[in-house]
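A quick write-up on the structure given underneath.
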Amino acid sequence: MDYKREIEALINLLVKEGGSDLHLSSGRPPIIRVTGNLIPLMKRAVLTDLDIQGFADAFLSPENKILLKAEHDADFSYATDQARFRGNAYHRQGSLSIALRLIPKVIRTLNELNLPPILETFTRKQQGFFLVVGPIGQGKTTTLATLIEMINQTRTEHIMTIEDPIEFVHESKKSIIDQREVRIDTPSFQDALVSMFRQDINVCMVGEMRDTETISTAVTAAETGHLIFSTLHTNNAAQTISRIIDSFPADQQSQIRIQLAGSLSGIFSQRLLPRISGGLIPAYELLINNNAVSNLIRENRIHEIDTVIETSSQEGMIDLNRSLAELVRAGEVAVEHAYMNSMNSKVLERMI
C-alpha cells in the first residue's frame, strides 16, 4: 500500500464528511468521528499491524519515532495542502494505533464559532491570566487560537505560543508571533515559560498546564505584566480554581490563592453540543474576576463562585444553564442534550 496516498484519501474523505477525528488501528477499518459520532469506513479494508506501522512511518519524524519506542506513545503534528492535524501514536495490547484530530487551516472568528462577543475584552488586557476549560475535544484549542489571532491582528505585541505539538499556525500580522513546540524548540512548557521572561514577551499562550511548576510560573508571569492564556481539562470555573489550588502542597495553597485572586482575568468553560440543524454548537460559562470573586478565592470560599456567576449577568458573566436554556428555546439544541451537559439539571428544568 502507498501509505502517503492512502493518508491523503482518508483526509479528503474526513474533510468532505465534515469530520473531526480519524482513528487507525489494526483489526478495524479506518474510523472517523462526525458530529461527535464514530463511523467505521466499512468500504475500506480492515487494517493490519503492517498498515499501522506504514502509517506511523509516514506521520512520524525520526525524533518522534525514538520517543514512541521509548515511551510507547508520541504526540505529533501532520500537515497536507488542505488540512493540519494533531496526532498521537500509541500502543494498545501490544499493537500500534494512531488518532488524528483535524485542525482547520483557517482560524475562525468568535462570530463564526458562535462564541460570545464579550471574549474580545480579554484580548485587550495588558496583563492577567485567562483560562479556557472544558472536557477533552470541546473546542478549547480553537477558541484560544481565535483569541490569539485577534491580538495578532489588532495589537503590536510580541506573542509566544508554547504547544505540544503546534496546532494552529499563526502568521505575524500587527504582532510578532513566535510558536515553540515542546521537545523540538524547548525541553518543556516550564522551560519555555521561564525563558519567556528574557524574550520581551507581552502575550503567551500555554497549550496545556501539566504540572504545578508550569501553573506557578504562568500565574507569576500574569502578575508581572504578561497576558497569559491557557487551558485545563476541567468542567467549570469553580472546579478549575479548586484544581489549580489543590495541585500545590498544603503549605503553598494560601500563597497561590492570593496570587490567583490578583492575577486571574476570567475563566471560560465550553462544551460542544449536537445542533438540531446539523454540526455542533457551543454552550458555555464565563467567570469574570471581579472584587467578589477575588475575595472568594482569597478566602477559600470557592463553592460560592457558582452563585456569583448566576447572579452577575449584568456584569457580563454567563451561567452554563442559562446558555443551555437559550439554545433550547432558540431551537438549536434538543432538550435531552441540554440536560446531558448541565451541571445542575433541576435548575435547568426551571429555566426551560
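Overview of results
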read-out: Charge dipole (debye, nearest 20) of the range 146-294; +1 at Cβ of Lys and Arg, -1 at Cβ of Asp and Glu; value: 460
read-out: Fraction of alpha-carbon pairs over 27 Å apart in the range 117-318 - percent; value: 27
read-out: Linear extension gain, Asn291 paired with Gln93, 0.36 nm per residue minus alpha-carbon span; value: 66.1 nm
read-out: Local electrostatic count at Ala192 - Lys and Arg +1, Asp and Glu -1, tallied over other residues with Cβ under 9 Å; value: -1
read-out: Using alpha carbons only: equivalent-ellipsoid semi-axes of the range 3-103, gyration tensor based, whole Å; value: 20, 16, 12
read-out: Inter-label distance for Glu71 and Val169, nm, one decimal - labels placed 7 Å from Cα along Cα-to-Cβ; value: 2.3
read-out: Between helix 140-154 and the chain: long-axis angle, C-alpha atoms, 0 to 90°, nearest 10; value: 70
read-out: Label-point gap, in nm, between Glu326 and Thr307 - each point 7 angstrom along Cα→Cβ; value: 2.4
read-out: Fully extended contour minus Cα-Cα distance, from Ala334 to Glu315, at 0.36 nm per residue; value: 4.0 nm
read-out: Separation of the Asn12 and Asp246 label points, Cα + 7 Å toward Cβ, nm; value: 4.9
read-out: Net length gained if the chain between Val347 and Ile176 were fully extended (0.36 nm per residue, minus Cα distance); value: 57.0 nm
read-out: FRET efficiency, His158 to Ser61 (Cβ-Cβ, R0 35 Å, nearest 0.05); value: 0.80
read-out: Cα Rg, Dmax, the chain, angstrom units; value: 21.1, 62
read-out: Reciprocal of mean inverse Cα separation for the range 88-128 (Kirkwood radius, Å); value: 14.1
read-out: Cross-link reach list, lysines versus Lys16, counting only Cα pairs under 21 Å and skipping chain neighbours closer than eight places; value: Lys4, Lys43, Lys105
read-out: For the range 79-210, projected area of the alpha-carbon convex hull averaged over all directions, nm²; value: 9.5
read-out: Two-decimal ratio, the range 282-352, of alpha-carbon radius of gyration to 2.2 N^0.38 Å; value: 1.19
read-out: The chain - mean residue ellipticity at 222 nm from DSSP helices (-39,500 (n - 2.57) per run, n ≥ 4, rounded to 500); value: -11000 deg cm²/dmol
read-out: Radius of gyration, Dmax [the range 153-249; alpha carbons; angstrom]; value: 13.5, 42
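Read the figures in this text as sums done on the coordinates, not as results from a lab. Only a predicted model underlies this, so the values are computations on that prediction, with no experimental measurement involved. Cβ atoms come from the backbone with ideal geometry, glycine included; neighbour counts cover every protein chain shown.
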